[in-house]
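Structure, as structure tokens:
The values are calculated or read from the model by the stated rules, or taken from the named source; none is laboratory data. Everything quoted here is computed from the prediction, not taken from an experiment. FYI the Cβ positions are ideal-geometry reconstructions off the backbone, even for glycines, and counts take in every protein chain you see.
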Amino acid sequence: MTVAGTLDATRVPTTRRYLMCPPRFFAVDYVINPWMDPSQPVDADLAMAQWTELRDTYRRLGHTVEEITPRPGLPDMVFAANSGTVIDGRVLGSRFRAPQRSAEAEHFRRWFVEHGYRDLTMPTKINEAEGDFAWTGGLLLAGTGFRTDPAAHGEAQEVLGVPVVSLRLTDPRYYHLDTALFVLAEATDTAPAQIAYYPDAFSPGTRRVLARLFPDAVLGDEADASCFGLNAVSDGRNVVLPLEAVSLADRLAARGYEPVLLDISELRKAGGGPKCCTLEIRK
Ligand code: ARG
């Protein structure tokens, strides 16, 4: 008997291109989310080692990783996901809510210009990019509630030319969409997209929207979310996630995915995980 969602040898990875920023100036100097506590020491060398392991893991899986030069005074620049949304070679830059991070947007804008991206728009509304935008292959899921302005969702739809679905976050610990939801497999001609998410991070209406759009989703619980297990990166088969997310990893394995567990403890002190460090460049 075959049961839908059990071990499935046909999960096919697709090669990705990522942009990452080494945590050379990483620190927790200010508080812009509930995870950040400047009185807790941060081990900068360990953060660099964990980040390097993440980068090398992507390369080992066959993906391309580009690196942007980190800048002093921007300790959160390691969280590259917040600096751009790229679909079909079109780039929508970012505009940060916190003044402490606002200068990051220009560094990333310049990186895209220098790397030949001609179709580049900087947002007029607060827009924390892939922190709050997740591409399913057909829809751009868009979070709001803490960071990205709801008006940025309409702006993203116009600029990128893709349908946007607004989702409302309600728990301050899950202040970005990518702390509570990730795409496991993009939609193809023959299969719908598959996602994983933590329902309690969302408003009641949004939960109903997600249940309607993704009846086959993997649902996370508080234990999965609080170790940043939903801040994972999938290539359609291999899923990179924090090593504490063992139970989620088991459930993903039962659906045919290949979990890859990594230690991101230092980055989590700033409220980040694997996905936060990873901006996907889609062509
Ligand atoms: N300290 C950073 C902030 O609060 C962490 C960003 C994490 N990035 C993410 N994509 N969730 O902005």
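Structure summary
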{"read-out": "Members of the stretch 250-283 that are among the basic types (Lys, Arg) and in a loop (DSSP other than H, G, I, E, B)", "value": "Arg255, Lys269, Arg282, Lys283"}
{"read-out": "Members of the stretch 38-71 that are within 12 Å of the ligand (Cβ to nearest atom) and surrounded by 13 or more Cβ atoms within 10 Å (Cβ to Cβ)", "value": "Val42"}
{"read-out": "Tally, over the stretch 145-182, of residues that are more than 14 Å from the ligand (Cβ to nearest atom) and either farther than 15 Å from Ala201 by Cα or surrounded by fewer than 24 Cβ atoms within 10 Å (Cβ to Cβ) (or both)", "value": "20"}
{"read-out": "Strands (runs of 3 or more DSSP E) wholly inside the stretch 131-241 that include at least 2 residues being more than 23 Å from Ser83 (Cβ to Cβ) and in contact (Cβ under 8 Å) with a residue 24 or more places away in the chain", "value": "181-185, 194-197"}
{"read-out": "Odd one out for Val31, checked against (1) without any contact (Cβ under 8 Å) to a residue 24 or more places away in the chain; (2) within 30 Å of Gly161 (Cβ to Cβ); (3) not hydroxyl-bearing (Ser, Thr, Tyr)", "value": "(2)"}
{"read-out": "Filtered residue count, the stretch 75-99, keeping only those that are within 11 Å of the ligand (Cβ to nearest atom) and either under 20 Å from Ser265 (Cα atoms) or part of a loop (DSSP other than H, G, I, E, B) (or both)", "value": "12"}
{"read-out": "Set Leu177, Leu219, Leu184: member being closer than 24 Å to Met36 by Cβ and of a type in the set (A, V, I, L, M, F, W, C)", "value": "Leu177"}
{"read-out": "Where Val78 falls short, out of the listed (1) more than 21 Å from Thr179 (Cα to Cα); (2) of a type in the set (Val, Ile, Thr); (3) crowded, with 16+ Cβ neighbours inside 10 Å", "value": "(1)"}
{"read-out": "Qualifying residue in the stretch 100-109 (condition: among the basic types (Lys, Arg), within 15 Å of the ligand (Cβ to nearest atom), surrounded by 19 or more Cβ atoms within 10 Å (Cβ to Cβ) and modelled with pLDDT of 95 or more)", "value": "yes"}
{"read-out": "Qualifying positions in the stretch 1-57 - of a type in the set (Asp, Glu), modelled with pLDDT of 95 or more and assigned to a loop (DSSP other than H, G, I, E, B)", "value": "Asp29, Asp37, Asp43"}
{"read-out": "Candidate set from the stretch 252-283 (those that are of a type in the set (Ser, Thr, Tyr) and buried (at least 20 other Cβ atoms within 10 Å of the Cβ)); member that is nearest to the ligand (Cβ to nearest atom)", "value": "Thr278"}
{"read-out": "Selected residue (only one of Ala49, Ala27 is of a type in the set (Gly, Ala, Ser) and within 22 Å of Leu243 (Cβ to Cβ))", "value": "Ala49"}
{"read-out": "Hey, Ser234 more than 27 Å from Pro41 (Cβ to Cβ), within 18 Å of the chain's Cα centre (by Cα) and of a type in the set (Ser, Thr, Tyr) or not", "value": "yes"}
{"read-out": "Lone unmet requirement of (1) within 17 Å of Glu66 (Cα to Cα); (2) β-branched (Val, Ile, Thr); (3) more than 15 Å from the ligand (Cβ to nearest atom) for Thr121", "value": "(1)"}
